[in-house]
Amino acid sequence: MKFNLSLFVALFLILTASAQNKYEREFRIAKSDFPQTAWEQINSYLEDAKRVRFYRETDSVKQSFEAKFKKGKLHYSIEFNNKGELEDVEFIINKNDIPELTWSQIKAYLNSKFNKPRIKKIQQQYPAGTSEASQVLREAFQNLLLPYIKYEIVFTGKTEKGFQTYEGLFNADGKLVNLRKSISARYDHILY
């Protein structure tokens, strides 16, 4: 029994450590391969959208579907799980679009943990959580600054081991929610 407990703990630690890395791949798919229930939820929002594309995304933890498009001046990404249930709505923003106090909290965290952090991309995220999908979609397309939104920041930071790309998820107050190393898809041929 002692051996089984040790094995269980070791396995748990290995799985937890691997969940802290993000190995993400996107594959473009036809609209017909996109979940019908997901399409029905977003169809009305795509009326004046440009460059509408559909993707199947796999990462180190799950598989999902995404619709990406440009509407107005914003680049949107709407993610659904395999059942067609909304996971989140994201769109690309600049640091100037984040409230000043929130951005100062995020910047303070990055500067305290990394030497010379370089921001590559910022997305404002509306997670589905416990809210109705229609409500989350409506609030995201109105670009409302609500207490439940998050900011997904992809950045490069220097540590004692060298430069590494990370994906940080921060809440509306600028507090870190999750941090994962991001492994570029360009190097996926090296991963066994």
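When only residues in the range 91-102 that are out of contact with any Leu (no Cβ under 6 Å at 6 or more places or on another chain) and closer than 18 Å to Tyr126 by Cβ count, which is surrounded by the fewest Cβ atoms within 10 Å (Cβ to Cβ)? Among those that are out of contact with any Leu (no Cβ under 6 Å at 6 or more places or on another chain) and closer than 18 Å to Tyr126 by Cβ, it is Asn94. Just one of the listed residues (Phe170, Phe114) is in contact with a Phe, Trp or Tyr (Cβ under 6 Å, 6 or more places away or on another chain), surrounded by 15 or more Cβ atoms within 10 Å (Cβ to Cβ) and of a type in the set (Phe, Trp, Tyr), and it is Phe170.
Let me confirm something: among Lys161, Lys150, which residue is touching a residue at least 24 places away in the same chain (Cβ under 8 Å) and among the charged types (D, E, K, R)? Steps first, please.
On the way: Lys161 fails: touching a residue at least 24 places away in the same chain (Cβ under 8 Å).
Exactly one residue qualifies, and that residue is Lys150.
Just so you know, in the range 117-134 the residues that are over 14 Å from Glu90 (Cα atoms), without any contact (Cβ under 8 Å) to a residue 40 or more places away in the chain and surrounded by 12 or more Cβ atoms within 10 Å (Cβ to Cβ) include one that is nearest to the chain's Cα centre (by Cα), and it is Ile119. Kindly indicate the residue of the range 18-45 that is surrounded by fewer than 16 Cβ atoms within 10 Å (Cβ to Cβ) and of a type in the set (Lys, Arg) and also modelled with the lowest pLDDT among those meeting that condition. Here the answer is Arg25. Contact annotation: residue pairs with Cβ atoms under 8 Å, 6 or more positions apart or on different chains, pairing a residue in the range 39-55 that is over 21 Å from Glu132 (Cβ atoms) with a partner that is in a helix (DSSP H, G or I), are Val52/Leu46; Phe54/Lys31; Phe54/Asp33.
Number of residues in the range 23-34 that are basic (Lys, Arg) and either without any contact (Cβ under 8 Å) to a residue 24 or more places away in the chain or over 19 Å from Asn82 (Cα atoms) (or both) equals 1. Residues in the range 173-192 that are assigned to a loop (DSSP other than H, G, I, E, B) and surrounded by fewer than 11 Cβ atoms within 10 Å (Cβ to Cβ) were compared, and the one that is modelled with the highest pLDDT is Ser184. Before we move on, is Tyr148 in a strand (DSSP E or B) and not hydrophobic (A, V, I, L, M, F, W, C)? The answer is no for Tyr148. The single condition among (1) out of contact with any Ser or Thr (no Cβ under 9 Å at 6 or more places or on another chain); (2) within 26 Å of Phe80 (Cα to Cα); (3) aliphatic (A, V, I, L, M) that Ala108 does not satisfy is (2). Within the option set Asp59, Asp88, Asp48, being more than 14 Å from Phe170 (Cα to Cα), modelled with pLDDT under 95 and surrounded by 15 or more Cβ atoms within 10 Å (Cβ to Cβ) holds for one residue only, Asp59.
Of everything in the range 114-128, what is in a strand (DSSP E or B), of a type in the set (A, V, I, L, M, F, W, C) and more than 23 Å from Leu144 (Cβ to Cβ)? Give them in sequence order.
Restricting attention to the range 114-128, the residues satisfying the condition of being in a strand (DSSP E or B) are 115-127.
Next, only the ones that are of a type in the set (A, V, I, L, M, F, W, C) stay: 119, 122.
Of everything in the range 114-128, just one residue is in a strand (DSSP E or B), of a type in the set (A, V, I, L, M, F, W, C) and more than 23 Å from Leu144 (Cβ to Cβ), namely Ile119.
Looking only at the range 35-48, decide whether some residue is under 15 Å from Glu87 (Cα atoms), of a type in the set (S, T, N, Q) and in contact with a helix residue (DSSP H, G or I) (Cβ under 8 Å, 6 or more places away or on another chain). Yes, the range 35-48 contains at least one residue that is under 15 Å from Glu87 (Cα atoms), of a type in the set (S, T, N, Q) and in contact with a helix residue (DSSP H, G or I) (Cβ under 8 Å, 6 or more places away or on another chain).
The values are calculated or read from the model by the stated rules, or taken from the named source; none is laboratory data. Computed from a prediction, not measured in an experiment: that's the story for all the values here. Neighbour counts run over all protein chains shown; Cβ positions are idealised from the backbone, glycine included.
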